[in-house]
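For reference, the structure discussed in these notes is given below.
The values are calculated or read from the model by the stated rules, or taken from the named source; none is laboratory data. Note that the coordinates shown come from a computational prediction; the quantities given were computed from them, not determined experimentally. For neighbour counting, all protein chains shown are included, and Cβ atoms are generated from backbone atoms with ideal geometry for every residue, glycine included.
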């Protein structure tokens with residue numbers, strides 16, 4: 001069965017999903033919509049899809065699903081409109097910057113019974129996924145500490161920062177989801193620290209560019225997350241899980257595996273410098289999972305509930321950094 005899909009948003013991430021979708025044999029990119037006609041036209045020309053309006057895609061009864069890659073403040077409304085029209089939905093994170101709005105959206109989705117998958121692509125990174133599988137197999141024993149490091153090569157424009165919801169909601173939300181993915185137990189307490197050390201303008205905009213978070217579960221497991229908007233050596237993405245039997249670790253991906261050894265020591269090629277190349281395989285695997293969910297082979301994971309829980313943790317971290325104290329959370333009540 002070939003799935004027919006529409007794409008809402010042909011920007012940077014929309015292009016990735018659109019091109020990946022067009023390369024599949026079990027799915028077809030039928031139509032593309034974007035507020036910028038040139039972006040939609042360019043992607044449509046590359047993929048063989050048609051340019052259509054957003055309303056036309058939502059109204060198209062021949063589509064099985066839509067991929068939502070539009071600005072954050074449109075996500076919840078578009079999810080609701082898509083499921084109401086009988087379509088399954090893949091939506092880039094986050095569902096919304098307001099947890100209450102996410103809850104309302106998820107209730108609407110539940111009433112329709114349509115699948116909803118949220119785009120936390122890092123779960124699908126081959127190395128991170130393998131680490132999680134080996135962790136569940138017990139290789140490291142009982143989990144004690146999960147460490148997640150995520151550092152961007154350079155900060156985004158300040159205009160973006162002003163509408164992003166802040167580092168904890170925009171950048172670290174991926175790491176909150178990853179921490180939950182690895183811990184297999186919900187955090188109950190969040191303590192965050194943040195500073196503006198990279199760009200004073202980010203601090204003037206009311207955000208931070210350097211942050212650390214500690215989380216604790218009810219049984220005492222600890223997760224620690226480190227974020228920075230600057231890494232002079234490239235896109236820094238690492239995970240380490242320490243347990244009762246040992247430690248599992250997934251490191252950075254370099255441009256090549258070549259090393260040179262001289263009298264000055266060993267030197268490797270730089271790490272990949274941008275998230276689109278670093279997570280190229282993850283985006284493909286993510287789409288694999290969505291198509292499998294549409295065929296009823298798996299549940300659509302990460303789910304809308306996963307998106308809500310990550311948002312609640314991001315909200316708690318934002319508040320903790322503001323007041324300088326730990327904040328309690330109850331994700332089990334969701």
### Query
Here are 120, 191: which of them is within 14 Å of the chain's Cα centre (by Cα) and either farther than 30 Å from residue 321 by Cα or in contact (Cβ under 8 Å) with a residue 12 or more places away in the chain (or both)?
120
### Summary
In the range 1-12, residues that are surrounded by 18 or more Cβ atoms within 10 Å (Cβ to Cβ) and out of contact with any strand residue (DSSP E or B) (no Cβ under 6 Å at 6 or more places or on another chain) total 1
### Query
Is it fair to say residue 299 is in contact with a helix residue (DSSP H, G or I) (Cβ under 8 Å, 6 or more places away or on another chain) and not in a helix (DSSP H, G or I)?
yes
### Query
Taking into account only those residues within the range 117-133 that are over 18 Å from residue 291 (Cα atoms) and in contact with a strand residue (DSSP E or B) (Cβ under 6 Å, 6 or more places away or on another chain), which is surrounded by the fewest Cβ atoms within 10 Å (Cβ to Cβ)?
127
### Query
Residues in the range 292-303: is at least one under 22 Å from the mean Cα position of the chain (by Cα), touching a residue at least 40 places away in the same chain (Cβ under 8 Å) and over 21 Å from residue 87 (Cα atoms)?
no
### Query
Does the range 154-166 contain any residue that is over 21 Å from residue 315 (Cβ atoms), surrounded by 16 or more Cβ atoms within 10 Å (Cβ to Cβ) and either in contact (Cβ under 8 Å) with a residue 12 or more places away in the chain or not assigned by TED's automatic domain parsing to the domain that holds residue 66 (or both)?
yes
### Message
Would you confirm whether or not the range 200-207 contains a residue that is without any contact (Cβ under 8 Å) to a residue 24 or more places away in the chain, touching a helix residue (DSSP H, G or I) at 6+ places or on another chain (Cβ under 6 Å) and surrounded by fewer than 21 Cβ atoms within 10 Å (Cβ to Cβ)?
### Response
no
### Message
Given (1) under 26 Å from residue 184 (Cα atoms); (2) surrounded by fewer than 16 Cβ atoms within 10 Å (Cβ to Cβ); (3) under 20 Å from the mean Cα position of the chain (by Cα), identify the lone condition not met by residue 286.
### Response
(2)
### Task
Sort out which residues of the range 23-43 are without any contact (Cβ under 8 Å) to a residue 24 or more places away in the chain and in contact with a strand residue (DSSP E or B) (Cβ under 8 Å, 6 or more places away or on another chain), and write them in order of number.
37, 41
### Query
Looking at 72, 108, which one is surrounded by 15 or more Cβ atoms within 10 Å (Cβ to Cβ), at pLDDT below 95 and within 30 Å of residue 312 (Cβ to Cβ)?
72
### Qualifying position, being assigned to a helix (DSSP H, G or I) and either within 19 Å of the chain's Cα centre (by Cα) or exposed (fewer than 15 other Cβ atoms within 10 Å of the Cβ) (or both), among 21, 67
21
